[in-house]
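Read through the structure below, which is laid out as structure tokens, and then see the notes.
No value in this document is a laboratory result; all are computed from the given coordinates. Computed from a predicted structure; not experimentally measured. Don't worry about glycine lacking a Cβ; one is built from the backbone with ideal geometry, like all the others, and counts go over all protein chains shown.
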């Protein structure tokens, strides 16, 4: 074995040692397994009232709507999903969908309405990020218009991670990474309000009024879970 | 065995080696392989069977095996080139890779992000040829390492932004084709109507993931053909894209026909049973046929 061989072997041994140390470090620093950090006492169908402002739960529609499921993950991501239809005293109909996940992993952004409506065959247009007032608090929300022949559905939605409302997917990713570096996992909620309407502008206005009434009806102690602190 | 290509016997000692042909230093090779296994067996295990299994596309192990085999094929080329190594640059790269590994593994175990951990393998693997043979060594193994990209999960946003127009185009072509030969077929967006049936063209990601897999097969084919002309190689690699597209059209056409003639259950059975295999056979057959055709025009089988 000549000297060049020795140098070569020394490099190999050095490199593999570094790899071994990294592997062992990662194994030792492995975070303790957390099954779920669902906020205690958070139950979507109790959190959201049956009557908000001029709107009340459509009892007949309830039959067709998937109930909150506490035993199994919904779509593999959420711990609880609430789907409801409200009817207003003025005859307006609003669909509410709330999804809550105790652990916000990588998969959630796929379930943003602009993506999931598209994959269900809708055209998605006019996605705008707006600030709306909910229970005297400014909340960054998103508005969009999903449509396909025979169905025009304006949508308003917002997402909460931990106690921060954030609607920019990049910022959300960054928030989750930063929390992860601290060893924390954020919980997250997506609140979606939509209605079948041809007049998109008026529908969005109505949805904002509904969302405001919806949030006002929530126990103040739990409001930060829905619109952030 | 993927690391076999990297750690080499010294090359500075040209004179001494004149009678003693260069060979791999077994101890070094074993060390490196062990190190890589310690790092990435847990990674791939978690990715394939743990929390992240839902993100995997099902062909990762195949991609890793093919990459390893491609590297192994180049071991002699790597051993024989005379090019100074860059151990210091390589050490920095390895350090970055290992840092990304430790941080990434932490994040993936918290179920937050799996890509950082998986990405670290590229830095770690690049550091090895760089240390022993410099950038020329890296050039020898660029394809096997790039091929490993197909084992990475696709970012969801990219998937949905590319998939939609692709799905539209695939279903439009399939419907136009069937309409041409007189089937009662119509389409709105990604919903296809045939007779009394309605079909939604695949779920959110299925379409694009098969496109990527097919592109991988195409690139592998081009690489193995070892074309003498770079233009020819580029042409064939580019042709792999429309080939994958055509294969998808064939898949949708078959799905529509099966549904129309044998009912919804048979159609769904096709989707979950044979559609994938049909896709691959058609794509590969098309690629081979295209290769023959281009070969004729080029006037040279390669």
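Descriptive notes on the structure:
- As a rough footprinting exposure proxy, the listed residues A:85, A:227 were ranked by other beta carbons within 10 Å of their own, and the order from fewest upward is A:85, A:227.
- At R0 = 56 Å, FRET efficiency that the Cβ-Cβ distance of residue B:180 and residue B:234 yields, to 0.05: 0.95
- The label point for residue B:281 and the one for residue B:61, both projected 7 Å from the Cα toward the Cβ, are 2.4 nm apart.
- The stretch between residue B:274 and residue B:88, if pulled fully straight at 0.36 nm per residue, gains 61.8 nm over its current Cα-Cα span.
- Per residue of B:30-41, other chain Cβ atoms within 10 Å of the residue Cβ number 5 on average.
- Using R0 = 22 Å, the C-beta based FRET efficiency linking residue A:224 and residue A:177 works out to 0.45.
- Peptide A:166-179 has a mean shielding of 1, counted as Cβ atoms of other protein chains within 10 Å of each residue's Cβ.
- Counting, for every residue in B:102-108, the Cβ atoms of other protein chains within 10 Å of its Cβ and taking the mean gives 6.
- Approximate spin-label separation residue A:170-residue B:23, in nm, with each point projected 7 Å along Cα-to-Cβ: 5.5
- Nitroxide proxy distance, nm - points 7 Å out along Cα→Cβ at residue A:130 and residue B:41: 5.7
- Taking segment B:97-119 and a reference point 7 angstrom along Cα→Cβ of residue B:49, the backbone N atoms nearer than 18 Å belong to B:109.
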